[in-house]
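Asks: Starting off with a structure, shown below.
The values are calculated or read from the model by the stated rules, or taken from the named source; none is laboratory data. It should be emphasised that the depicted structure is a prediction, and the values quoted were computed from it without experimental measurement. Don't worry about glycine lacking a Cβ; one is built from the backbone with ideal geometry, like all the others, and counts go over all protein chains shown. Areas reflect the complete protein model, heavy atoms only, side chains present, ligands, DNA and RNA absent. Shrake-Rupley method; radii C 1.70, N 1.55, O 1.52, S 1.80 Å.
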Amino acid sequence: MDSYIVSDESPEPQHHAGGEHGHDEEGNKMFGFIVFLLSESVIFLSFFAGYIVYKTTTPDWLPVGVEGLEVREPAINTVVLVASSFVIYFAELALKRENLRLFRIFLSATMAMGSYFLVGQAIEWSHLEFGFTSGVYGGMFYLLTGFHGLHVFTGILLQFIILLRSLIPGNYDTGHFGVNATSLFWHFVDVIWIILFILIYVWQ
């Protein structure tokens, strides 16, 4: 009788523990990704601090012959990039509602907007009158915008991967961690650019 009771009740706690393990695994993944973003934030904050210090202490801040940066086109790029954060959010909502067609449309639109930003940045670079070696200003400008551009490219690549994964039948039936993490990364990239835009283009 005792052995029957033990064998009858033992599967229930094992099932419960397995469920908790699955939940913890998902939570641990997101926690780890947030820690990764925080480490990236420290790098960017260090660059921001260096930019501010150099700008406020360097006598000849701008390179010779350079009076400032054109703001109009970068401002348009900023609007496009910030708007893409809302678009990828709509993609997340579509996936939660199991509308893969709408998810792919919104995700493709986000990728297109990010690509527009990168092309706009490349065009801006090609028309600038200074280079990476043009004093402290040139070095800081290309370091900050280039490092951020690398993150934008990474975000587009991640979106392309999850777009391909959406073509696998039933792939997102068990969880959306990859999509949620990619969306969070994209929001992070947008916030960083807003700070960069204020520091570099507004505060001239």
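Asks: Which number in (1) hydrophobic (A, V, I, L, M, F, W, C); (2) open to solvent by less than 40 Å² (accessible area, probe 1.4 Å); (3) in a helix (DSSP H, G or I); (4) over 18 Å from V189 (Cα atoms) marks the one condition that V53 misses?
Replies: (2)
Asks: Mind counting the residues in the range 72-90 that are open to solvent by 40 Å² or more (accessible area, probe 1.4 Å) and of a type in the set (A, V, I, L, M, F, W, C)?
Replies: Residues that pass the stated criteria total 5.
Asks: Go through the range 126-171 residue by residue and tally those that are assigned to a loop (DSSP other than H, G, I, E, B), farther than 25 Å from A112 by Cα and either in contact with a Phe, Trp or Tyr (Cβ under 8 Å, 6 or more places away or on another chain) or touching a residue at least 40 places away in the same chain (Cβ under 8 Å) (or both).
Replies: Selection size over the range 126-171: 5.
Asks: Does G175 fit the bill of being under 30 Å from V64 (Cβ atoms), of a type in the set (G, A, S) and surrounded by fewer than 15 Cβ atoms within 10 Å (Cβ to Cβ)?
Replies: So G175 does not fit the description; no.
Asks: Let me ask another. Select from the range 91-125 the residues that are hydrophobic (A, V, I, L, M, F, W, C), touching a residue at least 12 places away in the same chain (Cβ under 8 Å) and open to solvent by less than 50 Å² (accessible area, probe 1.4 Å) and list them in ascending order.
Replies: Of everything in the range 91-125, those that are hydrophobic (A, V, I, L, M, F, W, C), touching a residue at least 12 places away in the same chain (Cβ under 8 Å) and open to solvent by less than 50 Å² (accessible area, probe 1.4 Å) turn out to be A91, A94, L95, F103, L107, A109, M111, M113, F117, L118.
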